[in-house]
1. Using a ≥ b ≥ c from the Cα gyration tensor of segment 25-79 (square roots of the eigenvalues), is it rounded, prolate or oblate, where a/c under 1.5 gives rounded and otherwise the larger of a/b and b/c decides, a/b for prolate?
2. Share of antiparallel DSSP beta bridges in the chain, in percent to the nearest 5?
3. Counting only heavy atoms of protein chains, what accessible area per residue, in Å², does segment 12-89 have with a probe of 1.4 Å?
4. Could you tell me the relative contact order of segment 22-71? Use alpha-carbon pairs under 8 Å, at least six residues apart, and round to a whole percent.
5. Kindly identify the chain as rounded, prolate or oblate by the Cα gyration tensor criterion: order the square roots of the eigenvalues as a ≥ b ≥ c, call it rounded if a/c is under 1.5, otherwise compare a/b with b/c, prolate if a/b is larger, else oblate.
6. How high is the relative contact order of the chain, in percent, with contacts defined as C-alpha pairs under 8 Å that are six or more residues apart?
7. Using alpha carbons only, how many degrees (0 to 90, rounded to 10) separate the axis of helix 80-89 from the longest principal axis of the chain?
8. Just the number, please: carbon plus sulfur as a percent of the accessible area of the chain, 1.4 Å probe, no ligands or DNA/RNA counted.
Amino acid sequence: MDVLLHLTTPDAVRVAAPLGRALNRQGVAWGCFLTNDGVTALADADFLDASDGADRVAVCEHSWDLHMPGHTCPVEKGSQTINSQLMAQAAKVVSL
């Protein structure tokens, strides 16, 4: 994976959605891990659309349950172990 977007705050979606679209246009292999209240980015239609081009999108299950109770998660839910795996696989990390 060339780039990992690491979303940790709700405001990150303002950068992550257009950045994801740009990565898609350039054919960059990218992924995303969402944690803390950054998981709320998955409620943003623009970000969800951009993330369709990602190789892998995962969310911290604990953060999802805390910040998005009652909502169906549209991506893979998992632990911080997935976060660590993605970090190890990425050539570059963009932390937002």
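The values are calculated or read from the model by the stated rules, or taken from the named source; none is laboratory data. No experiment lies behind these values; they were computed from the predicted model shown. We work out accessible area using only protein heavy atoms, side chains counted, and drop any ligands, DNA or RNA first. Shrake-Rupley method; radii C 1.70, N 1.55, O 1.52, S 1.80 Å.
1. Here segment 25-79 falls in the prolate category.
2. Percent antiparallel among DSSP bridges in the chain is about 0.
3. Roughly 51 Å² per residue, with all protein chains present.
4. Across segment 22-71, relative contact order equals 47 percent.
5. Because a/c hits 1.5 or more and a/b fails to exceed b/c, the chain counts as oblate.
6. Over the chain, the number comes to 39 percent.
7. Compared with the principal axis, the helix lies near 0 degrees.
8. In the chain, the share of accessible area belonging to carbon and sulfur is 49 percent.
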